[in-house]
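The values are calculated or read from the model by the stated rules, or taken from the named source; none is laboratory data. On a predicted model such as this, the values are computed, not experimentally measured, just so you know. Backbone-built Cβ (ideal geometry, glycine too); neighbour counts: all protein chains shown.
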Amino acid sequence: MFSSNLIKKAVHPATATPQKALVSLFELLLMKPSPPVTPPAPLPPSPVSRPAAGAAAPFAVRVDQLSLFYGAKQALFDVSLDVPERRVTAFIGPSGCGKSTLLRCFNRMNDLVDGVRTRGQVLLGGQDIFAPVVDVIELRKRVGMVFQKSNPFPKSIYENVAYGLRIAGVKNKVQLDEVVEKSLRRAALWDEAKDRLHDSALGLSGGQQQRLCIARTIAVEPEVILMDEPCSALDPIATAKIEELIQSLRQQFTIVIVTHNMQQAARCSDKTAFFYLGKLIEFADTGDIFTRPANPQTEAYVSGRFG
Amino acid sequence: MSDSHLTQSPKPTTRLLQMFRRGDCFLWMSGGALALAALMITGLLLLVIVNGATFFWPFDVTAVDRADGTKLLGQITATQAERKDGGGQIIKSAQTQFRVGNRDLYGFDFVWASTVELANFRRPADVVQIERQEYGDFLGFLQRVEESGRTVAAGAAAWEVLLAKAPGARALAVRATKLQREDIGAVNYAIQKAKLRLKAAARKAGSGAKIDPVFQAEIDAELVRLGVEYERLRAEAGALAVQAAAAQAVFTTIDGQEKKVPLAVVVRAFRPNAMTITQKIGHYLSRAGEFVVGEPRESNTEGGVFPAIFGTVMMTIIMSLVVTPFGVVAAFYLREYARQGFFVRVVRIAINNLAGVPSIVFGVFGLGFFVYFVGGGMDRLFFPDLLPTPTFGTGGILWASLTLALLTVPVVIVATEESIAAVPRGAREGSLALGASKFQTILNIVLPASVPGILTGVILAMARGAGEVAPLMITGVVKLAPEMPFDGHFPFLHLDRKFMHLGFHIYDVGFQSPNIEAAKPMVFTTTLLLIGIVILLNLTAIALRDRIRKKYKTGAF
């Protein structure tokens, strides 16, 4: 199943820069052949057939004039952007540019930091998530998050995936079993983990742990999945698997990914936002950002001249 | 050439300086400090072990002639070398200490004698040593065994007869004591209960009002029945005691006195000089066993320390059960919920300083707050009929445990706070990001991950609590507790009772007993036992902690 995706991707004109094709072919060689019994997964929608990005596309999250302050220090300056529904949106930019801060606004993880103030709005399904009526627990069930460092709980693999349901009060064993299997399958971890579901999750490898974290997140069926540099601690093979996973998940979920790896943004995102010093510099289709950026700062960054 | 440049020190004179730069001095200093600490601990343990472990060994008995024509019979327990002044003049001659026993005859257990005056050291094989129910050991030569004034055996045959008859007589005496203590005790308890019911009924009816005559008659009949029972048991116990006292052994001491020893008081009779090594080991084990499981005799200087072991362990367990949840909950509030600021910092400093308050101050607080205020209040509320006799309004194992819990709570709070702080941020955020509330995150993620650290705190608290004596002395420990805090009478667990404690036992035997010299080895033995118990409790907690830790091993985050 991975292979067919990869082939599609490798030959696709939007991603057919020579370097990109080489990387994809390399990944192809490293992939294990898929088991014959597995039915082929539906292909991701081809980028060509997608509507052109723009105001017309349905959006999952709308950021409107958002500014954020850590105490006296301003970290975000009047950011406005629409995150398209069921697409992968990448945030890129040098360290400290505010991309992770913006990501952590979407599920209000910044609440955990003392002295954070925001101005402006983040709308999820038309509702401002900073409004006092919003229950942050409900919000986080709708907006899942995968962290930079894999952080499985010191519990069994099964309990890790079932955690979100358990804390929501699900006790039905059959339902839990079902969701755990489904989530692990969607996270492409089922074959590796099915025989050791009740072993500690900490015995998994780094890449497996990160996929487990993704399985844990999708188990509660969020609308949006936030990924904060999910591959920065992984080796290239594990990274390739995660990227494959992102491709297969984009049909059901809106995905926002923060990355330092520009190839990664180019490979797996539909839209890319470039941030610099807390400001949104450019937000456009990924192909445009990497091939014909409108802003000279963006061009300088993506071509590696700074940052 | 470049090699030699590397290996050769350019300036040999600066070697000391180089050593200092490399930190060799520091290394030696820190290693030395550790070695010194290890040496002192080993020395202390060795002292305790050597003195404590030899206590039960039946050492040979020596008979000697003194210069004034008298004789001494006893175990040599100590010797002192002669002391000279600067000019070589002897100011004190060499001395030998004998444990002569027979306290009831001589009034003392030990005799110091000048070694030069002693002659004719010998070990008569037929010396009999008797460990008695009271007055300590007896040393002498067996003449005959009598039963109701009639000689049953004399001469060489008497020893076998004594060995055969002594256990039976002892068993009778033990049964008499048991009857006295348990059966008559139960009847007394029932009488007290009946009187209390009457008193409670009178209080309920109000002053001046008459008690229901049917009820009054019922209680009266009960009291009469119990009175008859009491008399019957007393007579039975008396008869048993007379029966037990019938058999006697007649001894002569080394100075020719004749002494009759009733067989009922003989705990152990043995001939130390005639024992084989196997017999000695058997004797040793038998006494060591009695020490661990037996009741104390002779104002704690003989017999066992079982009530003290039981009291120590039970108090430590109650203390742990109280201090663990209390300290953990407090630490979680401090670390997770309280707004970190000046006030919390002050609270934290106060908690740390609490660990430095002298333990006797905690004892005084426990006496004032737990015993008088809480206990007194409970008595007025729940046990008004017993007043003025206090139930909870006096020292007891519950109040002592609570006082120690208060004393050790800083240890648990500090350890728990540390372990909460060590739970990785990622685990918390992962849980919160899945829509868990803060409480769910603490309960499901933070608490399980900090359990090993919490247990470390509990281990430290237990070690501290089990060895503490001062606060216990005023909150419930007694020299001799007639009843244990856990027994067969409903409701089995009697938290209001006073109890015995090994630490206090050491103090009591070593410094408060009438016969300090004789009790000295017992102090070491008890110390050894207390150390053993603390180690055992700690090992249990450590094993538990390791099991839990294994569950979270290979923590990659």
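Quick notes
- Residue list for segment B:253-284, restricted to those being farther than 20 Å from B:Tyr135 by Cβ and in contact with a Leu (Cβ under 8 Å, 6 or more places away or on another chain): none
- Some residue of segment A:119-133 being modelled with pLDDT of 90 or more and part of a helix (DSSP H, G or I): no
- Complete set of residues in segment A:153-191 that are more than 10 Å from chain B (Cβ to nearest Cβ), assigned to a helix (DSSP H, G or I) and under 22 Å from the mean Cα position of the chain (by Cα): A:Ile157, A:Val161, A:Ala162, A:Val179, A:Val180, A:Glu181, A:Lys182, A:Ser183, A:Leu184, A:Arg185, A:Arg186, A:Trp190
- Verdict on B:Thr456 being away from chain A (no Cβ under 14 Å), of a type in the set (Val, Ile, Thr) and part of a loop (DSSP other than H, G, I, E, B): no
- Just one of the listed residues (A:Asp135, A:Asp111) is facing another protein chain (nearest Cβ under 10 Å), farther than 17 Å from A:Leu226 by Cβ and more than 17 Å from the chain's Cα centre (by Cα), and it is A:Asp135.
- Only one of A:Val179, A:Val174 that is under 25 Å from A:Val88 (Cβ atoms) and modelled with pLDDT of 90 or more: A:Val179
- Each residue in segment A:198-234 was checked for being more than 16 Å from the chain's Cα centre (by Cα) and crowded, with 24+ Cβ neighbours inside 10 Å, and 1 pass.
- Remark: pairs (first residue in segment B:367-378, within 11 Å of B:Trp399 (Cα to Cα); second residue part of a helix (DSSP H, G or I); Cβ separation under 6 Å; 6+ apart in sequence or on different chains) = B:Phe370/B:Trp399; B:Phe370/B:Leu402; B:Val371/B:Trp399.
- A:Pro94 being in contact (Cβ under 8 Å) with a residue 40 or more places away in the chain, assigned to a loop (DSSP other than H, G, I, E, B) and at negative phi: yes
- Top-ranked residue in segment B:253-301 [being of a type in the set (Lys, Arg) and farther than 26 Å from B:Lys71 by Cβ; ranked as surrounded by the most Cβ atoms within 10 Å (Cβ to Cβ)]: B:Arg287
- Subset of segment A:138-151 that is buried (at least 22 other Cβ atoms within 10 Å of the Cβ) and at pLDDT below 90 - its residue that is farthest from the other protein chains (Cβ to nearest Cβ): A:Ser150
- Meets criteria (in contact (Cβ under 8 Å) with a residue 24 or more places away in the chain, crowded, with 19+ Cβ neighbours inside 10 Å, under 30 Å from B:Phe362 (Cα atoms) and of a type outside the set (Ser, Thr, Tyr)) for B:Met462: yes
- Residue in segment B:390-404 that is within 14 Å of another protein chain (Cβ to nearest Cβ), in contact (Cβ under 8 Å) with a residue 60 or more places away in the chain and either within 30 Å of A:Asp111 (Cα to Cα) or part of a helix (DSSP H, G or I) (or both) present: no
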